[in-house]
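*Asks:* One structure coming up, written as structure tokens, with questions to follow.
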Amino acid sequence: MSWEILNVVGISAFAISGAIIAMEEKYDLFGAYVLGLVTAFGGGVIRNALIGLPTDVLWKQELMIYVALIAITLVLFCPAKWFQYCKKWLNFFDAIGLAAFSVQGALYASDKGLPLVAVIFAAVMTGIGGGMIRDLLAGRKPLVLQKEIYALWSVITGGVIGLHWLEDGWQLLALCVLVVALRMVSAIYGWHLPRIVQRKMG
């Protein structure tokens, strides 16, 4: 499985999720495109900035920008009935983006010969960065910080790839499918990491 395929899948899924939330928050047309694009590309830009890689690589992905714009347009101009249907699948699109970008980010760092911690970091930032920016711009608490198990799947993905346990194309595809399934199960059953509760004095 190549970066290009993972890029197309992740960018499309996150662009769609950004557009859906923009419509829920009643953004205007320009705002909806901005939110969709930021969701699609924000994680990759953050990853590159924090692990010392060029951030201007975004502007060399002209085809991917068009892919995101097409995905956003399909959501913005779909019939109302279809939009209501899309909203029900928001978590699914989010899960696809998380899986594809976590694997893509980990592969990117691993192929650069970076250490395990950097590979895990790249997986997490690529997988959750765009969604965090999306939620903040939409005035929502970032899902990854307060609800459900989310970033943990990126951490595990980065660790598995950084340790070179899975390298073949079919293995990476299976990993993507597994992450999507785990993300959906955690959303359905409300799995979450232990929350910090401040103890009362006295």
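*Asks:* For the chain, what is the calculated [θ] at 222 nm in deg cm²/dmol (nearest 500), taking -39500 (n - 2.57) for each run of four or more DSSP H residues and dividing by its residue count?
*Replies:* It comes out at -24500 deg cm²/dmol, rounded to the nearest 500.
*Asks:* Specify the residue with the greatest mean-square fluctuation among A174, A19, A138, computed from a Gaussian network of the chain linking alpha-carbon atoms under 10 Å apart.
*Replies:* Fluctuation is largest for A174.
*Asks:* Further, regarding this structure: Per-residue HN-Hα couplings for the range 113-119, Karplus 6.51 cos²θ - 1.76 cosθ + 1.60 at θ = phi - 60°, whole Hz, x for Gly and Pro?
*Replies:* x, 6, x, 3, 4, 6, 5
*Asks:* Also, I was wondering about something else. Going by a ≥ b ≥ c, the root eigenvalues of the Cα gyration tensor, does the range 71-126 fall in the rounded group (a/c under 1.5), the prolate group (a/b larger than b/c) or the oblate group?
*Replies:* prolate
*Asks:* List, in the order given, every pair from K26/K88; K26/K141; K60/K87; K26/K81 whose Cα-Cα distance in the structure shown is over 23 Å.
*Replies:* Pairs exceeding 23 Å: K60/K87.
*Asks:* With a/c under 1.5 counting as rounded, go ahead and sort the range 52-98 into rounded, prolate or oblate using the C-alpha gyration tensor (a ≥ b ≥ c being the square roots of the eigenvalues; past the cut-off, prolate if a/b is larger than b/c, else oblate).
*Replies:* Numbers: a/c = 4.84, a/b = 1.87, b/c = 2.59.
Verdict is oblate for the range 52-98.
*Asks:* Turning to a different aspect of this structure: Share of the chain's accessible area from carbon and sulfur, percent, 1.4 Å?
*Replies:* Looking at the chain in its full context, I get 69 percent from C and S.
*Asks:* In whole percent, what relative contact order does the chain give with Cα contacts below 8 Å and a gap of six or more residues?
*Replies:* RCO, the chain: 26 percent.
*Asks:* Compute the distribution of all C-alpha to C-alpha distances in the range 90-168, in bins of 5 Å from 0, and list the percent of pairs in each, rounded to whole numbers.
*Replies:* Once binned at 5 Å, the Cα pair distances of the range 90-168 give 3, 18, 27, 23, 14, 9, 4, 1, 0.
*Asks:* Relative contact order for the range 102-143: what percent, with Cα pairs under 8 Å and sequence separation of 6 or more?
*Replies:* Computed value for the range 102-143: 36 percent relative contact order.
The values are calculated or read from the model by the stated rules, or taken from the named source; none is laboratory data. Predicted model only: the values in this text are computed from it and were never measured. Ligands, DNA and RNA are stripped out before the accessible areas are found, and what is left, the full protein with its side chains, is counted by its heavy atoms. Shrake-Rupley method; radii C 1.70, N 1.55, O 1.52, S 1.80 Å.
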